[in-house]
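Heads up, the thing below is written out as structure tokens.
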Amino acid sequence: MGLIDKVFTLLFGNGTNVVRETAEVFRENTEAGAAREASMRSQALAQHQAEFLIPKKGLFDRFMDGVNRLPRPAMALGTLGLFVAAMVDPVWFAARMQGLSLVPEPLWWLLGAVVSFYFGARYQAKGQEFQRSIAQTMARTSMVMRGLDELRQAEKTPARRIRPETMARTATRESNAALDEWKRIEARKQDN
């Protein structure tokens, strides 16, 4: 084995490549980088897909999900139905309301507790949102009152007629076709 063969074996050896390994310290191996990038993308896509997969639910779970969605629409539609019933058949409605008056007070308390716990979180969030909107409205009240006072004052003050001569003095040097036409119309009115 000659000297050149020994140098090439040392540099590009039988299992190790000193030149490639040294170069990879300063510059990424493009092929290995592409493999890592492809692996990372496929893992990200798999994670993204897992977030959107709908777990297979049994019949009972689907039934309970449907039952949990019923109370709010049922209460809203039931309340609207009471208004319709009161208008369509007042005697029938009055009989039902008489029946409600016989419900004992502890049962009303129990119903209130159930409704409060069921709708409590939503009520609290909406109540806080409502309070913020009331505060914003109250902050604008003084501005609105000033505007109303100005409108009332303007209503009491007689309207001033602006003469074309006044407009001509306040107009800029540039020609305004609409203003010129208006001046001509006003001048004709005053001549008549």
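The values are calculated or read from the model by the stated rules, or taken from the named source; none is laboratory data. Quantities reported herein were computed from a predicted structural model and do not represent experimental measurements. When we count neighbours, we look across all protein chains shown, and the Cβ atoms used for this are built from the backbone with ideal geometry, even at glycine.
The table below lists the values:
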| item | result |
| --- | --- |
| Selected residue (only one of Arg72, Arg36, Arg62 is farther than 26 Å from Phe117 by Cβ and either basic (Lys, Arg) or in contact (Cβ under 8 Å) with a residue 60 or more places away in the chain (or both)) | Arg36 |
| Verdict on Leu45 being within 36 Å of the chain's Cα centre (by Cα) and on the phi < 0 side of the Ramachandran plot | yes |
| Evaluation of Val114 against (1) assigned to a helix (DSSP H, G or I); (2) among the β-branched types (Val, Ile, Thr); (3) modelled with pLDDT of 85 or more (one fails), failing number | (3) |
| Residue identified as in contact with a helix residue (DSSP H, G or I) (Cβ under 6 Å, 6 or more places away or on another chain), hydrophobic (A, V, I, L, M, F, W, C) and modelled with pLDDT of 85 or more among Ala74, Ala85 | Ala85 |
